[in-house]
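Let me begin by presenting the structure, written as structure tokens, before commenting on it.
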Amino acid sequence: MKKKFNSGKSQLILSATVLLIAIVSYLDYIELNDDVVEITTIGDVNITLENLPLTVDESKEEGEAILVNAQINKNYFTEAKLNREQSRSKQRELLLKITNNDKLSLAEKTEFTDRISEIQDKTEKETATEFAIKSKGFRNVYVRIEGTTVDVVVDKENLSDKDAEQIRDIVMRKTKLPATAVKISPYRNNK
């Protein structure tokens with residue numbers, strides 16, 4: 001008797017496992033990296049603003065295609081998304097703690113609340129952009145918005161001009177950023 005493969009159930013189990021790993025990794029990350037964030041002072045309140053844990057490479061030229069190192073682990077996309085979420089969670093948590101400080105003025109609290117909203121907006125745009133690009137036939141996609149640039153890595157070794165243009169159009173539509181802000185990288189997995 002043959003057993004039917006239930007992809008929905010398998011996907012749910014895989015998603016739950018990834019989520020559990022993300023939570024455990026995040027908790028380990030917080031414990032191990034509590035001293036990573038520099039503290040600055042505004043008024044009587046110690047806060048972290050400019051030195052929130054980010055992984056941004058400011059050295060790239062605008063519009064430049066970036067080749068992803070061939071030595072990247074085959075789980076690059078899962079790890080990159082997990083790292084992005086951990087970084088954003090740490091930022092949100094820190095800003096929330098700051099916002100709840102009674103010594104802040106209403107204007108300062110509003111500024112930090114706005115920053116939390118900006119992080120959420122980035123996260124939503126990244127996710128929407130990834131899904132839209134995946135809908136065009138790319139198996140794996142990673143999108144990271146930092147400031148006025150968007151880094152996109154797609155699971156395809158050779159990107160045609162048509163592919164790059166299609167990705168750029170999606171990113172521009174979803175993020176409202178210009179074409180010069182989009183950096184597209186093919187994932188090169190030399191096995």
Restricting region 111-164 to residues that are in a strand (DSSP E or B) and in contact with a Leu (Cβ under 9 Å, 6 or more places away or on another chain), the residue that is surrounded by the most Cβ atoms within 10 Å (Cβ to Cβ): VAL150
What tally of residues in region 165-191 results from selecting those that are open to solvent by 70 Å² or more (accessible area, probe 1.4 Å) and of a type in the set (S, T, N, Q)? 2
Just checking, does region 111-118 include any residue being under 17 Å from ILE184 (Cβ atoms), of a type in the set (D, E, K, R) and touching a helix residue (DSSP H, G or I) at 6+ places or on another chain (Cβ under 8 Å)? no
Among THR99, THR123, which is of a type in the set (S, T, N, Q), touching a residue at least 12 places away in the same chain (Cβ under 8 Å), under 18 Å from ARG84 (Cα atoms) and in contact with a helix residue (DSSP H, G or I) (Cβ under 9 Å, 6 or more places away or on another chain)? THR123
Residues located in region 119-160, provided they are acidic (Asp, Glu) and within 18 Å of TYR187 (Cβ to Cβ): GLU126, GLU130, ASP151, ASP155, GLU157
Is there a residue being within 25 Å of THR180 (Cβ to Cβ), within 16 Å of the chain's Cα centre (by Cα) and among the hydrophobic types (A, V, I, L, M, F, W, C) anywhere in region 160-168? no
Among the residues of region 103-141, what is the count of those that are hydroxyl-bearing (Ser, Thr, Tyr) and more than 16 Å from PHE77 (Cα to Cα)? 5
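The values are calculated or read from the model by the stated rules, or taken from the named source; none is laboratory data. Values in this document were obtained by computation on a predicted structure and should not be read as measured data. Cβ: placed from backbone, ideal geometry, glycine included. Neighbour counts: every protein chain shown. Heavy atoms of the whole protein, side chains included, go into the accessibility calculation; ligands, DNA and RNA do not. Shrake-Rupley method; radii C 1.70, N 1.55, O 1.52, S 1.80 Å.
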